[in-house]
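See structure below.
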Amino acid sequence: MQLAPFFPVLYRILQPTFPNCLWSGNSYTKEIALTFDDGPHPVYTPQLLKVLDYYSIEASFFWLGACVHRYPTVAKSVYDCGHAIGLHGYDHRSFPLLTTAELQQSLESTQSAISTAIGINGANIRDVRPPNGLFTPQTLELLTKWQYRSVMWSVVPEDWVRPGINLVVQRVLEQVQNGSTIVLHDGACGGIDVAETTQILIPELLRRGYKFVNIDSFWRDRNSYLKP
């Protein structure tokens with residue numbers, strides 16, 4: 001059973017319930033964020049980068065530490081292209097299943113792998129997206145305590161189950177609106193289609209007048225309109 005039809009409903013329930021998470025951007029501007037989970041991948045990520053570069057699109061990548069460790073040169077190429085980087089845990093285990101110590105180790109190991117791969121201080125990478133979108137209030141409390149920023153989503157076309165490129169595109173185009181955070185995957189699950197999917201999506205979204213920004217831009221905008 002595919003869950004994609006239920007994700008928009010789930011978003012409308014969770015977004016006001018957990019307001020400290022970043023679910024989307026400003027609903028009054030035609031800016032959207034294109035985000036990718038589960039990478040880097042030695043084949044799918046370079047294919048995706050070519051599409052993003054062709055259209056000069058700035059995206060955000062949420063990495064698995066194990067994949068960064070295996071494919072450091074691919075990680076470096078993503079960073080060198082100017083895309084934003086976030087954490088997705090070390091090995092895609094759902095955060096609520098981890099002990100507090102295991103969760104902290106998962107995030108710090110991913111930061112360490114990033115430091116080694118791209119030559120920056122990985123401890124400065126603070127955006128975290130929970131694997132499988134699963135979290136508890138306690139999970140979010142820990143992330144806040146450790147000074148991470150929780151990043152979720154508002155458009156989830158369930159590309160990882162490979163329902164077909166056309167259906168993934170259709171789902172995104174039906175759900176996208178000002179401030180949407182779109183999540184696709186460039187890892188082992190779903191990544192085989194990601195370059196072709198984005199090749200179709202990007203020009204259509206540009207035609208509709210949307211501007212692509214990264215997650216950092218959404219945070220800056222959010223902080224500016226939340227100031228008293």
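The values are calculated or read from the model by the stated rules, or taken from the named source; none is laboratory data. Just so it is clear, the model here is predicted, and its values are computed rather than measured. No Cβ is skipped: glycine too gets one built from the backbone with ideal geometry, and neighbour counts run over all protein chains shown. Quick note on the areas: whole protein, heavy atoms, side chains included, nothing else; ligands and nucleic acids left out. Shrake-Rupley method; radii C 1.70, N 1.55, O 1.52, S 1.80 Å.
Tabulated values for the structure
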item	result
Among (1) more than 20 Å from Cys189 (Cα to Cα); (2) open to solvent by less than 80 Å² (accessible area, probe 1.4 Å); (3) free of Cβ contacts under 8 Å to residues at least 24 places away in the same chain, the one test that Leu167 misses	(1)
Qualifying residue in the range 190-207 (condition: within 15 Å of Ser56 (Cα to Cα), among the polar types (S, T, N, Q) and open to solvent by 20 Å² or more (accessible area, probe 1.4 Å))	yes
Pick from the range 104-143, criterion of a type in the set (Asp, Glu) and assigned to a helix (DSSP H, G or I), ranking: farthest from Leu87 (Cα to Cα)	Glu141
Subset of the range 145-164 that is among the aromatic types (Phe, Trp, Tyr) and open to solvent by 30 Å² or more (accessible area, probe 1.4 Å) - its residue that is nearest to Ile13 (Cα to Cα)	Trp160
Subset of the range 147-169 (residues that are touching an Asp or Glu at 6+ places or on another chain (Cβ under 9 Å), in a loop (DSSP other than H, G, I, E, B) and closer than 15 Å to Leu107 by Cβ)	Tyr148
Residues within the range 141-160 that are more than 17 Å from the chain's Cα centre (by Cα) and either more than 19 Å from Phe218 (Cα to Cα) or modelled with pLDDT under 95 (or both), tallied	4
Count - residues of the range 177-189 that are closer than 11 Å to Asp159 by Cβ, in a loop (DSSP other than H, G, I, E, B) and open to solvent by less than 70 Å² (accessible area, probe 1.4 Å)	2
The range 14-43, residues that are open to solvent by 40 Å² or more (accessible area, probe 1.4 Å), over 15 Å from Ala195 (Cβ atoms) and assigned to a loop (DSSP other than H, G, I, E, B)	Phe18, Pro19, Asn20, Ser27, Tyr28, Thr29, Lys30
Residue within the range 56-70 that is part of a helix (DSSP H, G or I), at pLDDT 95 or above, open to solvent by 10 Å² or more (accessible area, probe 1.4 Å) and touching a helix residue (DSSP H, G or I) at 6+ places or on another chain (Cβ under 6 Å) present	yes
